[in-house]
Amino acid sequence: MKFELYTQVALNTEVPKYLLQKGDVVTLVEFLEGNESLPNAYICEIFNAVGDIIGVCTVAENQLTPLSKNEILHTRLLDAA
């Protein structure tokens, strides 16, 4: 599923390298078209609860899911692992 840039989506898997968990919300800023050996991907910005950017990561398109109006956002502490 291709997503519109500059929208928020949720992760449907963990991304341990960036301390991200399933359900965390990221903002899509760039689309990376895949090929036979690499899937489509997105560069995502990660924000904390007050809107400060805390990271940038690249995730495969199949690791993302759109947000829906019957979901609610919540907060969690970012592990300092």
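Some observations on this one:
- Within the straight-line cut-off of under 21 Å between alpha carbons, the lysines reachable from LYS69 are LYS2, LYS22, sequence neighbours fewer than 8 places apart in one chain being disregarded.
- Close amide H pairs (under 5 Å, H built 1.01 Å from N) link GLY23 with LEU11, ASN12, THR13, residues at least 5 positions away or on another chain.
- Here the residues ILE46, ILE54, ILE72, ranked from fewest to most Cβ neighbours within 10 Å of their Cβ, fall in the order ILE72, ILE54, ILE46.
- Mean separation of Cα pairs under 8 Å and 6 or more residues apart, divided by the residue count, gives the chain a relative contact order of 28 percent.
- Residues in the stretch 43-63 reached by a label modelled at PHE3 [backbone nitrogen below 18 Å; 7 Å Cα→Cβ]: 43-49, 51-63
- Within the listed set GLU33, GLU14, GLU71, the residue fluctuating most in the Gaussian network model of the chain (springs between alpha-carbon atoms under 10 angstrom) is GLU71.
- Sparsely packed chymotrypsin sites (Phe, Trp or Tyr not before Pro) within the stretch 1-56, loop by DSSP, other Cβ within 10 Å at most 16: PHE3, TYR6
- Straight Cα distances below 15 angstrom link LYS17 to the aspartates and glutamates GLU45, ASP79, with same-chain residues fewer than 8 positions distant left out.
- Considering only LEU11, LEU32, LEU20, the mean-square fluctuation computed in a Gaussian network model of the chain, springs between alpha carbons under 10 angstrom, is largest for LEU32.
Here, each number is a calculation from the coordinates, and none is a lab measurement. Note that the coordinates shown come from a computational prediction; the quantities given were computed from them, not determined experimentally. Glycine also receives a Cβ, built like all others from the backbone with ideal geometry; neighbour counts cover every protein chain displayed.
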